[in-house]
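No lab work stands behind these numbers, since they all come straight from the coordinates. Nothing here was measured: the structure is a model prediction, and the numbers come from that model. Cβ sites come from the backbone with ideal geometry, for glycine too, and all protein chains shown count toward neighbours.
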C-alpha cells in the first residue's frame with residue numbers, strides 16, 4: 001500500500017470510530033490516557049512565536065490541555081480525519097485560541113518557522129513515511145523549537161510478564177469490536193503498536209531527520225513513551 005492509500009485508509013478508520021473514540025480511549029487505558037497527555041504537555045516551552053502545533057490532534061484533548069497549562073498560547077490543531085476534529089469541537093467552544101484544521105501531516109498548511117512547539121499524541125505511527133512528517137515538522141518549527149511525541153512503546157517488548165501483550169493482541173481488538181462495531185480499526189491499532197519501533201530506534205530516526213537533541217522517558221512500565229526532540233538553533 002502506497003503512502004497516499006495508507007493515509008486515506010487511516011482517515012477512514014478514524015472517521016468511522018470518532019463517535020466512540022474518547023470513551024474507548026478512557027476505558028481501554030483505565031483512564032491513564034488523561035495522565036499521559038498531561039505529562040506530554042508539561043514538556044511544552046513557550047517561545048517567540050507564542051504558537052504550538054498539535055499534530056494528529058484527534059478530538060482535541062491535547063489542544064485543550066495545552067491551553068489549560070499555557071493559557072497565552074495559540075494552538076493550531078491539525079488532523080487528517082475531519083470527523084475526529086468535528087467530534088472535538090464542543091470542547092473548544094470557549095477556546096478561540098484553538099484553530100482546528102483538516103490537514104495531512106506530510107504537507108502542513110503552515111509557513112516556515114511559525115511555531116515554537118509541535119505535539120503529537122498517538123499519531124506518529126499512523127503517518128507513512130514518518131520521514132515526510134519529520135521534514136515538515138522541522139520546517140514549521142522555529143529554531144530551537146521542540147517536538148514532543150506521546151506514543152505507545154513497541155508491542156514486541158514483554159510488559160507485566162506478557163499480560164499487556166495478551167491484552168494488546170487479544171483483549172483490545174475484541175473490546176473495540178464490541179463497542180465500535182468496527183473490528184478493523186482496533187485490530188489496526190494493535191497491529192501498528194506491535195510493528196512500531198522501540199524508543200531507541202525512534203530516537204535514531206529523529207536524529208537522522210535533523211533534530212540535534214533527542215531524549216525519551218517511559219510511562220506506565222513502557223506501555224507509552226514521551227520523546228522530546230529539538231530543532232537546531
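General observations
- Expected 222 nm ellipticity per residue - DSSP helices of 4 or more, -39500 (n - 2.57), all of the chain, to 500: -13000 deg cm²/dmol
- For the chain, the share of DSSP beta bridges that are antiparallel, to the nearest 5, is 40%.
- FRET efficiency, residue 177 to residue 132 (Cβ-Cβ, R0 30 Å, nearest 0.05): 0.45
- Inter-probe distance in nm under a simple model that places probes 7 Å from Cα toward Cβ, at residue 72 and residue 39: 2.9 nm
- Alpha carbon convex hull of segment 60-179, volume per residue in cubic angstrom: 145 Å³
- Equivalent ellipsoid dimensions for segment 1-86 as semi-axes, Å, which come from the Cα gyration tensor, largest first: 25, 18, 11
- The long axis of helix 199-209 is offset from the longest Cα principal axis of the chain by roughly 40 degrees.
- Full extension of the chain between residue 29 and residue 160 gives 45.7 nm of extra length, using 0.36 nm per residue less the Cα-Cα distance.
- Using alpha carbons only: equivalent-ellipsoid semi-axes of the chain, gyration tensor based, whole Å: 26, 20, 17
- On Cα atoms only, tilt of 130-140 relative to the major axis of the chain in degrees: 30 degrees
- Pairs of C-alpha atoms in segment 1-50 farther apart than 12 Å represent 74 percent of all such pairs.
- On Cα atoms only, tilt of 32-41 relative to the major axis of the chain in degrees: 20 degrees
- Label sites at residue 9 and residue 91, each approximated as a point 7 angstrom past Cα along Cα to Cβ, lie 2.7 nm apart.
- The mean sequence distance of close C-alpha pairs (under 8 Å, at least 6 residues apart), as a share of the length of the chain, puts its relative contact order at 19 percent.
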